[in-house]
Amino acid sequence: GFVDESEAEFGLDGLDRGNVVHQLLDILWQRLQTQAALSAMDDPMRLKLIASVIEECFESGSFDLSAEKLRLLKHEKGRLQTLLFAWLKEEDKRPAGFSVVEREEQREGELGGIRYRYIIDRLDAIDDGRSVIIDYKTGTVNRKDWTGERIKSTQMPLYALALDKVKDKAVSGIVFAQVK
């Protein structure tokens, strides 16, 4: 008989890889919590941390993947380690110190009488008191989608508007963290 197209796919797709990276970054920042903690680590310590987070996710079964996809993902451990190591180097370059105050937090917002639920990948408190919403992306993004007469990608501006209603200070930035 015929097989559904989604069942016929072989290997990890972009969504699978994106979910894996999200999960690994979430656990990394759960452990690190601040840029200062990251900066205090030398390269071997960072690589050891990344390797332990990857192993922890495999051992705990926390990746929501089929057995076949998990077997394939195990062959990508080196790529994942390289990717995450490079990303932490980017985080090191940020000019102001920061603390990660929320990760994968589910919230509710309201705009024009319409209620919606959303999950922020990460909310950072900058040492000078500002806050920044960070959304991890493993694919292509374009911040120009936030400008112009008609916004094409409303996700992040909606997050900022919703958070502004419940936080003492307005959100001072929204950022795509392009991890690829």
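The values are calculated or read from the model by the stated rules, or taken from the named source; none is laboratory data. Please read these numbers as outputs of a predicted model, since none were measured by experiment. Methodologically, a virtual Cβ is constructed for each residue, glycine included, from the backbone with ideal geometry; neighbour enumeration extends over all protein chains shown. Just the protein is used for accessible areas: all its heavy atoms, side chains included, with ligands, DNA and RNA removed. Shrake-Rupley method; radii C 1.70, N 1.55, O 1.52, S 1.80 Å.
Hey, with R₀ at 30 Å, roughly what FRET efficiency would GLU90 and SER52 work out to, going by the Cβ-Cβ distance, to 0.05? Write down the numbers at each step before the final one.
Working: r = 21 Å, r/R0 = 0.69.
So, using R0 = 30 Å, E works out to roughly 0.90.
Two decimals, Cα atoms only, Kirkwood Rh: what is Rg/Rh over the range 20-107? Numbers along the way, then the final one.
Values: Rg = 13.7 Å, Rh = 13.9 Å.
Here Rg/Rh amounts to 0.99.
Considering every Cα-Cα pair within the range 84-155, what fraction, in whole percent, is farther apart than 15 Å?
70
So what's the net charge close to PHE63: Lys and Arg +1, Asp and Glu -1, counting the other residues with Cβ under 13 Å from its Cβ? Mind dumping the intermediate values first?
Numbers: positive: ARG17, LYS69, ARG71, LYS74, LYS77; negative: ASP16, ASP26, GLU55, GLU56, GLU59, ASP64, GLU68, GLU76.
Net charge in that neighbourhood comes out at -3.
Mind grabbing the accessible area of ASP128 for me, 1.4 Å probe, Å², rounded to tens?
100
Using a 1.4 Å probe, what is the accessible area per residue for the range 31-180, in Å²?
For the range 31-180, the solvent-accessible area averages 60 Å² per residue.
Please identify, among ARG94, ARG150, ARG103, the residue showing maximal mean-square fluctuation in a Gaussian network model of the chain using a 10 angstrom Cα cutoff.
ARG150
Taking every Cα atom in the range 131-179, find the radius of gyration and the maximum pairwise distance Dmax, and write them in Å.
Just the Cα atoms of the range 131-179 yield Rg and Dmax of 11.4, 33 Å.
Taking the chain as a Gaussian network, Cα atoms linked when under 10 Å apart, which of TYR116, TYR136, TYR159 shows the biggest mean-square fluctuation?
In this elastic network of the chain, the residue with the biggest mean-square fluctuation among TYR116, TYR136, TYR159 is TYR116.
How much of the calculated P(r) for the range 29-180 lies past 20 Å, in percent of all Cα pairs? Can you show the working numbers first?
Details: 6676 of 11476 pairs.
That fraction is 58 percent.
Can you compute the helix-only [θ] at 222 nm over the chain? Use -39500 (n - 2.57) per DSSP H run of at least 4 residues, normalise by all residues, nearest 500 deg cm²/dmol.
Working: 7 runs with 82 residues, N = 180.
Rounded to the nearest 500, it is -14000 deg cm²/dmol.
Give me the percent of the accessible area of the range 6-98 that comes from carbon and sulfur atoms, probe 1.4 Å, all protein chains in place.
Values: 2820 of 5160 Å².
In the range 6-98, the share of accessible area belonging to carbon and sulfur is 55 percent.
Largest first, how would MET41, MET156 line up by accessible area (1.4 Å probe)? If you can, show how the numbers build up before the last one.
On the way: MET41 35, MET156 0 Å².
So the residues, ranked largest to smallest area, are MET41, MET156.
Can you tell which of LEU47, LEU70, LEU111 shows the greatest fluctuation in a Gaussian network model of the chain with Cα springs below 10 Å?
Looking only at LEU47, LEU70, LEU111, the biggest GNM fluctuation is shown by LEU111.
Got the relative contact order for the chain handy, in percent, Cα pairs under 8 Å and 6 or more residues apart?
Values: 211 pairs, mean separation 35.2, N = 180.
Relative contact order, the chain: 20 percent.
Between the range 93-150 and the range 21-40, how many Å separate their Cα centres?
That distance is 17 Å.
Exceeding 18 Å between C-alpha atoms, which entries from my cross-link table qualify? They are LYS48/LYS89; LYS69/LYS137; LYS137/LYS180. Before the final figure, lay out the partial values.
Working: LYS48/LYS89 15 Å; LYS69/LYS137 21 Å; LYS137/LYS180 8 Å.
Beyond 18 Å between Cα atoms: LYS69/LYS137.
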